[in-house]
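The next block holds one structure in the form of structure tokens; read it before the comments.
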Amino acid sequence: MLRKPTFEFIIRFLSIFTPKDKTKKMALIASISGIRGTIGGCERENLTPLDITRFAAAYGAWLSQHTTNRRIIIGRDARPSGEMLTALVSATLVGMGFDVIDLGLATTPTVEVAVPAEGAAGGIILTASHNPAEWNALKLLNSYGEFISESDGQKIITLYENPNYEFASVHELGKIWYKNNYLDYHLQRILALPLVDIQAIRNAQFRVVVDAVNSVGGIAVPKLLQLLGVAEIIPLHCVPNGKFPHNPEPLREHLSDICSAVTENSVDLGIVVDPDVDRLVLVCEDGELFGEEYTLVAVADYVLSHTPGYAVSNLSSSRALPLLAASKNSQYAAAAVGEVNVVKIMKQTNAVIGGEGNGGIIYPPLHYGRDALVGIALVLTHLAKQKVSLSELKKRYPALFMAKTKVTASKTASIDELFASLQKRYSDIPQNTEDGLKLDFPDFWVHIRRSNTEPILRIYTEAATQTQADEVAFAFMQQIQRMIA
């Protein structure tokens with residue numbers, strides 16, 4: 001029997017359609033990694049103040065069960081609901097007897113490095129990542145500044161669903177402290193990494209355009225580039241007011257502004273981050289995307305050249321990484337989709353680099369979390385030392401193309417039986433069943449997995465041409481539809 005996905009196991013997914021806009025989907029999702037949803041509406045159907053405080057209290061109660069540490073770090077991205085969430089979460093944790101250290105506007109990786117630096121029991125990041133502005137979320141960290149495990153997440157969900165805890169008495173209430181210097185600490189740790197060569201970057205005299213989708217990256221990325229000695233920084237959507245100028249997910253169809261700005265200003269490259277700065281997408285000097293799958297490949301190329309070892313990505317990431325690792329006298333290991341799963345395999349293999357194909361870079365000498373800022377520093381060092389353009393660098397890597405599609409799977413469909421049938425049908429093809437089913441054909445691969453948030457199956461393919469990838473994805477979509485029917 002195939003394992004069900006272990007990342008973000010959904011225990012609640014409720015949606016309603018507002019009377020004014022029948023197409024607007026509203027939702028609340030509680031999972032092992034936290035709670036997220038659309039702001040406003042009704043309790044347990046949207047992310048309301050009641051849901052926010054109940055989940056923060058459940059997290060505090062869980063911490064109280066296994067530690068006497070009374071310190072928690074919080075930070076937020078710039079979306080409009082961030083201040084409200086900060087006030088609610090802080091007050092709730094104070095009511096549970098915790099001291100809260102509020103970093104204010106902070107990137108996800110900055111909160112992650114602050115937790116162990118402060119010796120805190122854990123942390124909460126208030127961000128819905130790449131989701132639109134009407135969404136927000138509470139993402140939960142352990143004392144290492146890493147996302148909590150599946151088993152711990154399930155305990156918090158149980159407390160959220162069935163409150164069984166007490167709040168602190170008046171003499172045991174916590175306090176709120178404000179610290180706004182952790183970005184500087186984070187950046188200084190990046191600059192101190194042996195593989196970050198500030199002088200080489202300064203000598204390269206890079207000119208860069210930055211799209212930070214008007215969130216915290218508008219503060220963090222230009223500051224990092226200045227410290228690295230970048231010659232010219234052209235900010236695009238870098239005012240951290242939470243007014244996203246385009247869909248914040250860094251995909252090609254959302255990035256026409258920066259692609260045009262790169263060519264119009266004749267710069268060396270464009271840098272794009274999502275609202276909480278854990279994903280990095282690059283734009284070549286000709287205005288074409290470097291490809292989010294290749295962000296990790298480029299960083300791994302540089303890291304493995306200096307420190308051979310294991311590289312790790314998830315099962316839906318490009319085959320370019322294992323091919324690169326083999327060429328660098330290094331090894332590769334795959335993990336189930338989800339950052340917590342990638343980190344688990346990285347620790348097991350003592351990997352020197354890892355991440356996900358969505359532009360997420362995890363560099364262990366800094367911390368075990370996706371970090372666009374360390375990705376920027378390593379990519380610029382790599383470019384400076386190679387003395388090539390970004391488009392020339394990409395030509396060195398395998399030319400592979402991905403396609404993604406999905407199939408609706410009704411609640412009555414037996415997904416386990418479907419996977420078993422596919423395994424049998426393709427028994428002569430190398431398979432991986434850790435997260436759905438991945439089939440490794442000689443010239444392409446297919447990964448079919450359950451969605452963590454919708455009643456659908458996601459289908460990912462990669463091949464030597466975009467046409468082939470699209471055709472394979474379409475063929476498997478039709479095959480699965482017939483099998484479900």
Inspect all residues belonging to segment 321-330 and state whether any of them is touching a residue at least 40 places away in the same chain (Cβ under 8 Å) and farther than 16 Å from D435 by Cβ. yes
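Table: residues versus (1) modelled with pLDDT of 95 or more; (2) at positive phi; (3) open to solvent by 10 Å² or more (accessible area, probe 1.4 Å).
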{"residue": "D286", "(1), (2), (3)": "yes, no, yes"}
{"residue": "V297", "(1), (2), (3)": "yes, no, no"}
{"residue": "A311", "(1), (2), (3)": "yes, no, no"}
{"residue": "A325", "(1), (2), (3)": "yes, no, no"}
{"residue": "V340", "(1), (2), (3)": "no, no, yes"}
{"residue": "T349", "(1), (2), (3)": "yes, no, yes"}
{"residue": "N358", "(1), (2), (3)": "no, no, yes"}
Look through I448, I459 and report the one residue that is within 28 Å of E150 (Cβ to Cβ), open to solvent by less than 60 Å² (accessible area, probe 1.4 Å), of a type outside the set (G, A, S) and touching a His at 6+ places or on another chain (Cβ under 8 Å). I459
When you scan segment 238-253, do you find a residue that is open to solvent by less than 40 Å² (accessible area, probe 1.4 Å) and free of Cβ contacts under 8 Å to residues at least 40 places away in the same chain, even just one? yes
Please find, within segment 68-120, the residue that is nearest to G242 (Cα to Cα) out of those that are open to solvent by less than 10 Å² (accessible area, probe 1.4 Å), of a type in the set (G, A, S) and assigned to a helix (DSSP H, G or I). G82
Residue count for segment 380-428, restricted to those that are farther than 22 Å from F476 by Cβ, in contact with a helix residue (DSSP H, G or I) (Cβ under 6 Å, 6 or more places away or on another chain) and of a type in the set (A, V, I, L, M): 2
Go through (1) open to solvent by less than 10 Å² (accessible area, probe 1.4 Å); (2) modelled with pLDDT under 95 one by one and return the number of the condition S149 breaks. (1)
Would you confirm, using the coordinates I've provided, whether E471 is open to solvent by 40 Å² or more (accessible area, probe 1.4 Å) and farther than 25 Å from I345 by Cα? yes
Got at least one residue in segment 44-62 being within 24 Å of L366 (Cα to Cα) and either open to solvent by less than 10 Å² (accessible area, probe 1.4 Å) or β-branched (V, I, T) (or both)? no
Considering only segment 122-142, how many residues are touching a strand residue (DSSP E or B) at 6+ places or on another chain (Cβ under 6 Å), open to solvent by 10 Å² or more (accessible area, probe 1.4 Å) and in a loop (DSSP other than H, G, I, E, B)? 2
Check N203 against each of (1) open to solvent by 10 Å² or more (accessible area, probe 1.4 Å); (2) out of contact with any Pro (no Cβ under 9 Å at 6 or more places or on another chain); (3) at pLDDT below 95 and name the one condition it does not meet. (3)
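Matching residues to (1) of a type in the set (D, E); (2) more than 22 Å from the chain's Cα centre (by Cα):
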position	(1), (2)
A168	no, yes
E172	yes, yes
H186	no, no
I190	no, no
P194	no, yes
V216	no, no
N247	no, no
P250	no, no
Can you tell me which residue among I32, I52 is closer than 22 Å to D276 by Cβ and at pLDDT below 95? I32
Enumeration of residues in segment 159-195 that are surrounded by 12 or more Cβ atoms within 10 Å (Cβ to Cβ) and free of Cβ contacts under 8 Å to residues at least 12 places away in the same chain: D184
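The values are calculated or read from the model by the stated rules, or taken from the named source; none is laboratory data. The structure displayed is predicted, hence computed values, not measured ones. We place every Cβ from the backbone using ideal geometry, glycine too, and count neighbours over all the protein chains shown. Just the protein is used for accessible areas: all its heavy atoms, side chains included, with ligands, DNA and RNA removed. Shrake-Rupley method; radii C 1.70, N 1.55, O 1.52, S 1.80 Å.
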